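**Student:** Got a structure here, written out as structure tokens. Questions coming.
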Amino acid sequence: MAIDTIFKDEASQEKGERARMASFVGAMAIADLVKTTLGPKGMDKILQSTGRGREVTVTNDGATILKSLHIDNPAAKVLVDISKVQDDEVGDGTTSVVVLAGELLREAEKLVAAKIHPMTIISGYRMAAECARNVLLQKVVDNKADADKFRSDLMNIAMTTLSSKILSQDKEHFASLAVDAVMRLKGSTNLEAIQIIKKPGGSLKDSFLDEGFILDKKIGIGQPKRIENAKILVANTAMDTDKVKIYGARVRVDSMAKVAEIEGAEKEKMREKVQKIIGHGINCFVNRQLIYNFPEELFADAGILAIEHADFDGIERLALVTGGEIASTFDNPESVKLGQCDLIEEIMIGEDKLIHFSGVAMGQACTIVLRGASHHVLDEAERSLHDALCVLSQTVNDSRVLLGGGWPEMVMAKETDELARKTPGKKSLAIEAFSRALLAIPTIIADNAGLDSAELISQLRAEHQSEGCTAGIDVISGSVGDMAARGICEAFKVKQAVLLSATEAAEMILRVDEIISCAPRRREDRM
Amino acid sequence: MALAFDEFGRPFIILKEQEQKSRLRGLDAQKANISAGKAVARILRTSLGPKGMDKMLQSPDGDVIITNDGATILEQMDVDNQIAKLMVELSRSQDYEIGDGTTGVVVMAGALLEQAERLLERGIHPIRVAEGYEMASRIAVDHLENIAKKFEFGPTDLEPLIQTCMTTLSSKIVNRCKRSLAEIAVKAVLAVADLERKDVNLDLIKVEGKVGGKLEDTELIYGIVVDKDMSHPQMPKRIEDAKIAILTCPFEPPKPKTKHKVDIDTVEKFQTLRKQEQQYFDDMVQKCKDVGATLVICQWGFDDEANHLLMHRNLPAVRWVGGVELELIAIATGGRIVPRFQELSPEKLGKAGVVREKSFGTTKDRMLYIEHCANSRAVTIFTRGGNKMIIEETKRSLHDALCVARNLIRNNSIVYGGGSAEISCSIAVEAAADRYPGVEQYAIRAFGDALEAIPMALAENSGLQPIETLSAVKSQQIKDNNPNFGIDCNDVGTNDMREQNVFETLIGKQQQILLATQVVKMILKIDDVISPSEF
């Protein structure tokens, strides 16, 4: 009975150097995969799903790419996970965080090959990350007090974020859309209040921000198409048959006449319900569930606009926007808060009819209508805009801002390099490696833009020797430029999250010296 | 052997022949078992100590776990060998009993097995070896008792407790902020501890995690955090001086358990039923309102109508709260769990200072904080971190730290860590060995050698010369007659563990030695392994 039978049949075990190699290789492969999407001149990826229809997604968003990959390497999964968390937490920087973690591991691999213990590397990385964070904290600019400046900061951040996406052509247009939308939120990070509607057709430039609320639904037939000073009742109630909910109740009759009677009673019940609803003094009724023809007809008779089957999000948003409450019972009309808006009308976007609520009581919500040539473009535009909105809403809360274009990386790299010189012991090698990994990001940005990265980086480094330097890579003109003058900004929160989670992930992978994979769970073939 | 004869001389088969069963006997069986046990120990050996490495485990579903906790590694490993399974059990029982030292106990058992193998080769009977180990373990445990220090702490002087928790945490990935985590763990344990009875119910400490943020944002909340939100989006997000009704009945029409049918055959019946139904919802909500509740927490779901009625009567509510959480809320707020609306009464309501909903990140994750409760003896540790694996590992590490703090409250004896206790025991055992006549002497001496495996592994993992360091420390201990010298894993510059503030609990150490010895004894006594063949 040999020793290697302690595991089940298909389980595998990798140890020591081999394990470390496997995780380094996996992590770097992932980083290399998304590397080319970094920066304003980054390229997109086509993803084809294995599901039915072989749907195609074209994207530049790191989190989206990584989410759709089927990965077997455990270390790679760690990187996918940090990118996902970055997406959930700050919304942007999903590619950078993976690339930085990959670079950190690449440097670590060299150090391990030079016989430095992973624990030493980790402690060096920790010191370096702490130092880098501190230097960022010193260099941040906070313009919260000055409203105009703050707005221009936000514009800059939005433009910087969008410049690496498909929207870069119309980035000013979209940046102002995003900033307007986020400013309306007044500091809340609840992005649900911003609705994005995608309608194919037209060009990206035709996208617009609407101050009101647009519901992608049709108005019932024979009902008014335009209501001024609308009183809206938002409801979540059954308007089909309104079943008896008591368990076990059923209708059992013995003659056709009785069936008719019961049916009549049911109808009567519905009529009563509709009367009650009308009794609220409303002229618009929005329901989450279906409205059958019969009640719809009753509403039409009363001259009330009835909208059925608005989905759950739509209802919540509408309630938020109009300030009404979502009602499910209608017995005491006097205490139900009705939503209000100045005008409800049916509008056309492209070919489709939508319902537009304008002049709403609460100005927080708004709708962004995206137009574009195809679904793929629209999907990608939505993702890009979502990134921008996330970053902006986070920045509104934490208004510290940094310059972009590789400037923060240069600053951090310089500082960590200095720390390395001051630190005695083997740790200094790790700190130095950290600084090199940081430099990799501007290098990749330059490479992706087809520029001479070695030349540019060395120029930048020389510039950064002087105090208070604001130089970074200007990808558009292909040279080193003043980032402050060009208005390229990034949010501090994003950079900090990139730095910390990339270091954490690299540290975690470095600590591993053994990988044990269980036998994959068998699935019955459904062929 | 497999063939026996009955009283008529007819042969019958006790054990089916070789093609059905694989079978190992005698010394072969022992050797195979020992080598399996050693293999498991070898996997864990590199995880020991502050510089120990982590293991990456991939579950059958492809999820990744990165951990350093012995019990978790073994639990997730797909082990097939019977003896290896025993080792897994060993680590698990250490986890249940003590909560910490799950790696150490397996490494120790591995070392004992290794020593036993040598003795077996010299022709010593396994039972004699087992007996010798038993004697030696008794000596070691008694010796630990002698070198243990009582240490005093009070509600005001938490420092010693924090130091001990820090020792536990320093071997985990979270050691970057071990200080703050140790403080959190100690405060949490003290909050729920019953210092007079020296008892701590760890069930009262809930460890919740949410990805995002950083490790430093981990906080201790004197109250409960529930991963739920208000049932209706427009309910208030913050309630002060909440009176909480804790219900286990749904806001839904009644569902009698007996099978029944309500037949509707006339219009009148239809209408009365409808009225009843409406009345029913109204009554439910009204009852909650009448007893003065300002928040309803329910284990089950709400009907749309009921939900609106609650909202309408200005009674915020939370639905689908799990059973365990419900109990914790009941304990924390001093309320009673009410199974029927009829039984609601004002004195059964729980009280909490503030209940608020907090949202995270850019997704719509929301959590409900219930704080400033009537009875503060239920706390939540809320961990944050860069990714899912860090959160999971933090939770496991905190669990270890909590267990250590609990053990100290139960029994405030400590021994010094860093392998010093093992070295000291080893010296004591070896000195005692000479006094035993008979073959057991060899086994006792072997036990002493096996004890050195832990400091050896510590030194190895810290990148020190294992044999050199160990012998230096050992001679120092004998020379100064001071059991506080251990392995200087962090390169601090001193070997004195008292100065380094590295403690471990006495019962943890004793338990390690006892459990490891027991398992090894069990393995040694096996002389026949019969396992069904694969197919």
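The values are calculated or read from the model by the stated rules, or taken from the named source; none is laboratory data. The structure presented is a predicted model; accordingly, all values stated were derived computationally and were not measured. Cβ sites come from the backbone with ideal geometry, for glycine too, and all protein chains shown count toward neighbours.
**Student:** Would a scan of segment A:143-159 turn up a residue that is in contact with an Asp or Glu (Cβ under 8 Å, 6 or more places away or on another chain), surrounded by fewer than 21 Cβ atoms within 10 Å (Cβ to Cβ) and within 18 Å of B:I390 (Cα to Cα)?
**Tutor:** Checked against the condition, which is being in contact with an Asp or Glu (Cβ under 8 Å, 6 or more places away or on another chain), surrounded by fewer than 21 Cβ atoms within 10 Å (Cβ to Cβ) and within 18 Å of B:I390 (Cα to Cα), segment A:143-159 yields no hits at all.
**Student:** Checking B:D241 against (1) of a type in the set (D, E); (2) assigned by the TED database to the domain that holds B:F360; (3) modelled with pLDDT under 80, which test does it fail?
**Tutor:** Every listed condition holds for B:D241 apart from (3).
**Student:** I've got another one for you. Looking at segment B:164-182 only, could you name the residues that are surrounded by 18 or more Cβ atoms within 10 Å (Cβ to Cβ), more than 14 Å from chain A (Cβ to nearest Cβ) and not small (G, A, S)?
**Tutor:** B:T164, B:C165, B:M166, B:T167, B:T168, B:L169, B:L181
**Student:** Can you give me the number of residues within segment B:33-65 that are more than 7 Å from chain A (Cβ to nearest Cβ), hydrophobic (A, V, I, L, M, F, W, C) and either free of Cβ contacts under 8 Å to residues at least 12 places away in the same chain or outside any helix (DSSP H, G or I) (or both)?
**Tutor:** Adding up the residues that qualify gives 2.
**Student:** Another one. On the basis of being of a type in the set (V, I, T), surrounded by fewer than 20 Cβ atoms within 10 Å (Cβ to Cβ) and out of contact with any Gly (no Cβ under 6 Å at 6 or more places or on another chain), does B:V492 make the cut?
**Tutor:** Criteria met by B:V492.
**Student:** A further question follows. Could you check segment A:405-452 and list, in sequence order, the residues that are among the charged types (D, E, K, R) and touching a helix residue (DSSP H, G or I) at 6+ places or on another chain (Cβ under 6 Å)?
**Tutor:** If we filter segment A:405-452 for residues that are among the charged types (D, E, K, R), which is where we start, we get A:409, A:414-415, A:417-418, A:421-422, A:426-427, A:432, A:436, A:447, A:452.
Once the filter is applied, which keeps residues that are among the charged types (D, E, K, R) and touching a helix residue (DSSP H, G or I) at 6+ places or on another chain (Cβ under 6 Å), segment A:405-452 yields A:E409, A:E415, A:D417, A:K426, A:K427, A:E432, A:R436, A:D447.
**Student:** Oh, and also: Would you kindly identify the strands (runs of 3 or more DSSP E) lying entirely within segment A:3-91 that contain at least 1 residues that are at pLDDT 80 or above?
**Tutor:** Correct list: A:45-48, A:56-59.
**Student:** In segment A:184-206, which residues are at pLDDT 80 or above and surrounded by 17 or more Cβ atoms within 10 Å (Cβ to Cβ)?
**Tutor:** A:I196, A:I197, A:K198, A:K199
**Student:** Going through A:S96, A:S49, A:S68, A:S83 one at a time, which residue ends up being farther than 17 Å from A:D387 by Cβ and out of contact with any Pro (no Cβ under 8 Å at 6 or more places or on another chain)?
**Tutor:** Selected residue: A:S49, the only one of A:S96, A:S49, A:S68, A:S83 that is farther than 17 Å from A:D387 by Cβ and out of contact with any Pro (no Cβ under 8 Å at 6 or more places or on another chain).
**Student:** Out of segment B:66-82, which residues are of a type outside the set (G, A, S), under 18 Å from the mean Cα position of the chain (by Cα) and more than 9 Å from chain A (Cβ to nearest Cβ)?
**Tutor:** If the condition is that a residue be of a type outside the set (G, A, S), under 18 Å from the mean Cα position of the chain (by Cα) and more than 9 Å from chain A (Cβ to nearest Cβ), then B:T67, B:D69, B:T72, B:L74, B:E75 are the ones that fit.
**Student:** Of all the residues that make up segment B:75-102, how many are outside any helix (DSSP H, G or I), surrounded by fewer than 22 Cβ atoms within 10 Å (Cβ to Cβ) and in contact (Cβ under 8 Å) with a residue 40 or more places away in the chain?
**Tutor:** Residues flagged as outside any helix (DSSP H, G or I), surrounded by fewer than 22 Cβ atoms within 10 Å (Cβ to Cβ) and in contact (Cβ under 8 Å) with a residue 40 or more places away in the chain within segment B:75-102 amount to 0.
**Student:** Could I ask something else about it? Find all pairs meeting these conditions: Cβ atoms under 7 angstrom apart; at least six residues apart or on different chains; first residue within segment A:412-435 and closer than 21 Å to A:F492 by Cα; second residue of a type outside the set (F, W, Y) and in a loop (DSSP other than H, G, I, E, B).
**Tutor:** Taking only residues 6 or more apart or on different chains, the pairs are A:K414/A:H464.
**Student:** I would also like to ask the following. Which of the residues belonging to segment B:282-303 are farther than 23 Å from B:M367 by Cβ and surrounded by fewer than 23 Cβ atoms within 10 Å (Cβ to Cβ)?
**Tutor:** Across segment B:282-303, the qualifying residues are B:D282, B:D283, B:Q286, B:K287, B:K289, B:D290, B:V291, B:G292, B:D303.
**Student:** Taking strands (runs of 3 or more DSSP E) that fall entirely within segment B:340-407, which contain at least 1 residues that are more than 29 Å from the chain's Cα centre (by Cα), over 21 Å from B:L181 (Cβ atoms) and within 14 Å of chain A (Cβ to nearest Cβ)?
**Tutor:** Per the criteria, B:350-360.
**Student:** While we're looking at this one, here's another question. So B:L515 clears everything in (1) hydrophobic (A, V, I, L, M, F, W, C); (2) surrounded by 23 or more Cβ atoms within 10 Å (Cβ to Cβ); (3) in contact with a strand residue (DSSP E or B) (Cβ under 9 Å, 6 or more places away or on another chain) except one condition, right? Which one?
**Tutor:** (3)
**Student:** Here is a further query. Name the residue that is modelled with the highest pLDDT, counting only residues in segment B:429-461 that are over 19 Å from B:L515 (Cβ atoms) and in contact with a Ser or Thr (Cβ under 7 Å, 6 or more places away or on another chain).
**Tutor:** Taking the candidates together, the pick is B:A459.
**Student:** Okay, next question. Applying the selection to segment B:313-339, what residues are among the charged types (D, E, K, R) and either free of Cβ contacts under 8 Å to residues at least 24 places away in the same chain or within 18 Å of B:K228 (Cβ to Cβ) (or both)?
**Tutor:** Scanning segment B:313-339 gives B:R319, B:E325, B:E327.
**Student:** Pull up segment B:381-427, narrow it to residues that are crowded, with 24+ Cβ neighbours inside 10 Å and hydroxyl-bearing (S, T, Y), then point me to the one that is nearest to B:A136 (Cα to Cα).
**Tutor:** Among those residues, the one meeting the criterion is B:S426.
**Student:** In segment A:12-52, how many are closer than 19 Å to A:L104 by Cα and acidic (D, E)?
**Tutor:** 2
**Student:** Within segment B:188-202, can you find the residues that are surrounded by fewer than 18 Cβ atoms within 10 Å (Cβ to Cβ), under 26 Å from B:K228 (Cα atoms) and either more than 16 Å from the chain's Cα centre (by Cα) or in contact (Cβ under 8 Å) with a residue 12 or more places away in the chain (or both)?
**Tutor:** Result: B:A191, B:L202.
**Student:** Among (1) in the same structural domain as A:V34 (by the TED database); (2) surrounded by fewer than 20 Cβ atoms within 10 Å (Cβ to Cβ), which single condition is A:V99 missing?
**Tutor:** Of (1) in the same structural domain as A:V34 (by the TED database); (2) surrounded by fewer than 20 Cβ atoms within 10 Å (Cβ to Cβ), only one is false for A:V99: (2).
**Student:** Could you please find all residues in segment A:46-105 being over 26 Å from A:R20 (Cβ atoms), at the interface with another protein chain (Cβ under 9 Å from one of its Cβ atoms) and aliphatic (A, V, I, L, M)?
**Tutor:** The one that is over 26 Å from A:R20 (Cβ atoms), at the interface with another protein chain (Cβ under 9 Å from one of its Cβ atoms) and aliphatic (A, V, I, L, M): A:V90.
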